[in-house]
Amino acid sequence: MPSKIDIRGDEKLLSKVQQLSLQLRQRRKALGVSTQSAAAAAGLSRDTWYRMEQGAATVTIAAWFRALEVLGLRFGLELCDEADLPELNASVPLHIPLSDYPQLAALAWQIRESTVLSPREAFDVYERNQRHLNVEALDGRERVLLDNLRQLFGQ
């Protein structure tokens, strides 16, 4: 299971959640649909729907997608201006073979050593099993990978 992201203090992201919740509420009201009916149609509890309309950032993305679909809305993506991108000094390969990183392979013992992970998957394995990570056994290359993954994913 991926680690949860804490967005408290991230005003930019919280603002986007607020905007989305406002659009959800406005669309529901424009359609003349009650909170209870909208929640039932989306397969959500009334409490979850209420939290969404209040801008709670803890609601799952699946719940948001169901709610938007019920109201005939689409979730869109847009490219950020390069000036808005975070400064990253990390270099992370797109494909991370377990066989190249002994500690990662040890932490992911249940996965075949020939498996290739994405950066996010590798990061999740390190984070989920950090209590079992033998830091002294990390070679330079794996230490750089782990540092860069932490920088990339904000840990």
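The values are calculated or read from the model by the stated rules, or taken from the named source; none is laboratory data. Remember, it's a predicted structure, so these values are computed and weren't measured experimentally. Please note: Cβ atoms are built from the backbone with ideal geometry, for glycine as well, and neighbour counts cover all protein chains shown. Ligands, DNA and RNA are stripped out before the accessible areas are found, and what is left, the full protein with its side chains, is counted by its heavy atoms. Shrake-Rupley method; radii C 1.70, N 1.55, O 1.52, S 1.80 Å.
Computed values, structure above
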item: Selected residue (criterion: nearest to residue 93 (Cα to Cα)) from residues of the range 109-134 that are acidic (Asp, Glu) and touching a Ser or Thr at 6+ places or on another chain (Cβ under 7 Å); result: 124
item: Of all residues making up the range 1-30, the number that are part of a helix (DSSP H, G or I) and either surrounded by 12 or more Cβ atoms within 10 Å (Cβ to Cβ) or modelled with pLDDT under 75 (or both); result: 15
item: Residue within the range 82-91 that is modelled with pLDDT under 85, open to solvent by less than 50 Å² (accessible area, probe 1.4 Å) and closer than 29 Å to residue 151 by Cβ present; result: yes
item: Per-region count, the range 44-65, residues within 19 Å of residue 30 (Cβ to Cβ) and part of a helix (DSSP H, G or I); result: 5
item: Members of the range 98-155 that are touching a residue at least 24 places away in the same chain (Cβ under 8 Å), outside any helix (DSSP H, G or I) and open to solvent by less than 50 Å² (accessible area, probe 1.4 Å); result: 101, 118, 133, 138
